[in-house]
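Input: a single structure, listed below in structure tokens.
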Amino acid sequence: MYYLFEKQDRLNDPIECFYFDSAKEIFPVRPHWHYFAEIIFMLRGSAEMVCDGENHTVSEGDLMVFPPSSVHSIYSAEGFAPMYAVLKFDLSLFPSYSSYAPSLTNIFRFARSEHMKVHFKGQDIGSLDCERVFRECIEEKNSYRYGYDVILRSLIYRLLFSLVRLWIDEGLDIDKCPAEADMTYGIENITEYIDSHLEDNIRVSDIADKCHMSYSGFAAKFREQYGMTCKEYIEKMRIFKAEEYLLFTVHDLNYISLQTGFSDCSHFIRSFKKYRGVTPKQFRLQRKRRK
């Protein structure tokens, strides 16, 4: 059976970067939607892209933005196979660090409600140097070198705020966009709050309150969307954060357990072994041998 909803692996692959050659992949791309934002840069040929019922002919050098939860599809426009670069990512990974600025999640939601443009012509985005940005994102994602995640996010941050500036130039009144994330947390972006509080003693009941939901209703909805309980999600995210410390620093286990929100070092070791099958120390030694 064909479903419109396309599940994304927010936990293991929150940022996807790749080239799509329609001559080698399943094409056309049928109508679907997901909670990720998706940005496409056309490298060759052109394509008919449909976003929330509106058709756009996207040509070489153009940029197309599919906001989170928008229904979209892609078809050939000229009878031959187009090729494009793709960025797909969880917007909650890109919080705003400015007190005056709304979160990017809120801005994208607001821009969609205001029917801002999602198709940008090549001549209007020349200063963004999109081909280089997409290429470097894909290279960083594939390299998995030290600091790749920071560089990858910095590239996407620049692209996102450049798009926001274009929307502002087109008339988006950013002052009308809610700036308080607490007022707009929902089940689709609550991970933004969780990820920024992993080192704290956060409770599922408090997270449910952020979504203005009952504990039982939140727990059921969270499991439905993420395929695990909220408690499991928190623990797994702490494991991922701990892996970065183990791979890229020389900090001891006590320090890492503190920075990743585990109650103590023993709890950290038990949890890590449950999910990775080895202790943190063994994990660190194994990865060093592979280098």
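Gaussian network model of the chain, Cα springs within a sub-10 Å range: biggest mean-square fluctuation belongs to which of Asn55, Asn142, Asn201?
Residue with maximal mean-square fluctuation among Asn55, Asn142, Asn201: Asn201.
Which helices of the chain meet both criteria: a Cα extent of 15 Å or more along the helical axis and a mean Kyte-Doolittle score no lower than -1.0, with helices taken as whole DSSP H segments?
The answer, listed by residue number, is 148-169, 215-226, 230-248, 265-276.
Rank these for me by crowding, Val164, Val118, going from fewest to most other beta carbons within 10 Å.
Going from sparsest to densest Cβ surroundings: Val164, Val118.
Can you give the charge dipole size of the chain about its Cα centre, rounded to the nearest 20 debye, using +1 on the beta carbon of Lys and Arg and -1 on the beta carbon of Asp and Glu?
Charge dipole, the chain, about its Cα centre: 1660 debye, nearest 20.
Inverting the mean 1/r over all pairs of different Cα atoms, compute the Kirkwood radius of segment 185-290 and quote it in Å.
Across segment 185-290, the inverse of the average 1/r is 14.6 Å.
Using label points projected 7 Å from each Cα along Cα→Cβ, tell me how many nm separate Tyr255 and Lys7, to one decimal.
3.9 nm
Can you run phi through the Karplus equation (6.51, -1.76, 1.60; θ = phi - 60°) for segment 42-56 and list ³J(HN,Hα) in whole Hz, with x for Gly and Pro?
Each residue's phi maps through the Karplus curve to give 7, 9, 8, x, 8, 8, 8, 10, 10, 10, 6, x, 9, 8, 9 Hz.
Take Lys210, Lys274 and order them by how many other Cβ atoms sit within 10 Å, fewest up front.
Lys274, Lys210
From the Cα gyration tensor of the chain, with a ≥ b ≥ c the square roots of its eigenvalues, which class applies: rounded if a/c is under 1.5, or else prolate if a/b is larger than b/c, or else oblate?
Because a/c hits 1.5 or more and a/b exceeds b/c, the chain counts as prolate.
Would you list Met228, Met237 from fewest to most Cβ contacts within 10 Å?
Least crowded to most crowded, the residues run Met228, Met237.
When the chain is modelled as a GNM with alpha-carbon springs shorter than 10 Å, which of Ile39, Ile138, Ile269 fluctuates the most?
Looking only at Ile39, Ile138, Ile269, the largest GNM fluctuation is found for Ile269.
Given R₀ = 45 Å, what would the calculated FRET efficiency be for Tyr75 paired with Lys288, taking r from the Cβ atoms and rounding to 0.05?
0.40
Within the set Lys176/Lys236; Lys141/Lys281; Lys7/Lys141, which residue pairs have Cα atoms separated by over 28 Å?
In this structure, Lys176/Lys236 lie more than 28 Å apart at Cα.
From the residues His267, Gly186, Phe134, which one has its Cα farthest along the dipole of the chain in the positive direction, the dipole being from +1 and -1 charges on Cβ of Lys/Arg and Asp/Glu about the Cα centre?
Among His267, Gly186, Phe134, the one farthest towards the positive end of the dipole of the chain is His267.
Could you name the lysines in cross-link range of Lys121, using Cα to Cα under 22 Å and dropping any fewer than eight places away on the same chain?
Lys88
Convert each backbone phi in segment 10-23 into a coupling constant with the Karplus relation 6.51 cos²θ - 1.76 cosθ + 1.60 (shift: θ = phi - 60°), then list the ³J(HN,Hα) values in order as whole Hz, x for Gly and Pro.
Values per residue, Gly and Pro as x: 4, 6, 8, 9, x, 10, 10, 9, 6, 8, 10, 9, 5, 6 Hz.
Starting from the amide H of Arg44, placed 1.01 Å from N in the peptide plane, find each other amide H under 5 Å away whose residue is 5 or more places distant or on another chain.
Correct list: Met83.
Taking R0 as 30 Å, what's the FRET efficiency between Ser143 and Arg276 from their Cβ-Cβ distance, rounded to 0.05?
It comes out at approximately 0.85.
Taking only Cα atoms of segment 15-176, what ratio of Rg to Rh do you get with Rh as the Kirkwood inverse-distance radius?
Rounded to two decimals, Rg over Rh is 0.95.
Would you mind working out the magnitude of the charge dipole of segment 15-176 relative to its Cα centre, with +1 at each Lys and Arg C-beta and -1 at each Asp and Glu C-beta, to the nearest 20 Debye?
The dipole of segment 15-176 has a size of about 320 debye.
Under 5 Å between amide hydrogens, which residues at least 5 positions from Val278 or on another chain qualify, with H placed 1.01 Å from N in the peptide plane?
none
A short reminder: the numbers here are calculations on the coordinates, not readings from a lab. What you are looking at is a predicted structure, and each value in this text was computed from that prediction instead of being measured. When we count neighbours, we look across all protein chains shown, and the Cβ atoms used for this are built from the backbone with ideal geometry, even at glycine.
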